[in-house]
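First up is the structure itself, then whatever we jot down about it.
Where a number appears in this text, it was derived from the coordinates with a stated rule and is not lab data. Keep in mind that what you see is a predicted model, and the values were worked out from it rather than measured. Cβ: placed from backbone, ideal geometry, glycine included. Neighbour counts: every protein chain shown.
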Amino acid sequence: MKKKNANAKTAPEIKIGSVPPIDLKNFLTKAYGPANEGQAIDISCVKYSNLAYIQATGRDVYVDFLEMPGVIKDNKQVINGTRIYMSHVAAEKLAEALSKLLNQLNEQGVIETMGKS
């Protein structure tokens, strides 16, 4: 683990296994303009994925989130997956946000790191 610089800004403490909170009102305001009390986010589907395939076309990026290793049905390995389409701009924002979050958690020493390949 790295030594911490006494003058460095400290990130908010994140417990292992927790998800950093999202300020939804601020997010919605940035995304859609002035705060509207009638806005709400409805998470209608929750999945776990441990493998993702990312592909791009001239118009979109899409990510297939897979649930590996799957299950055996009728002597075949069946792998459940969810495909998410997004614009190139949305994909760039997602990549930037993920990179920033993972770097922050890595610096705090709270996540498992990948071995060198």
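Brief remarks on what is shown
- Odd one out for residue 69, checked against (1) surrounded by 12 or more Cβ atoms within 10 Å (Cβ to Cβ); (2) closer than 26 Å to residue 114 by Cα: (1)
- Among the residues of the stretch 64-89, just one is hydrophobic (A, V, I, L, M, F, W, C) and in contact (Cβ under 8 Å) with a residue 24 or more places away in the chain, namely 86.
- Hits in the stretch 91-110 (condition: in contact (Cβ under 8 Å) with a residue 12 or more places away in the chain and surrounded by 13 or more Cβ atoms within 10 Å (Cβ to Cβ)): 91, 101, 104, 105, 107, 108, 110
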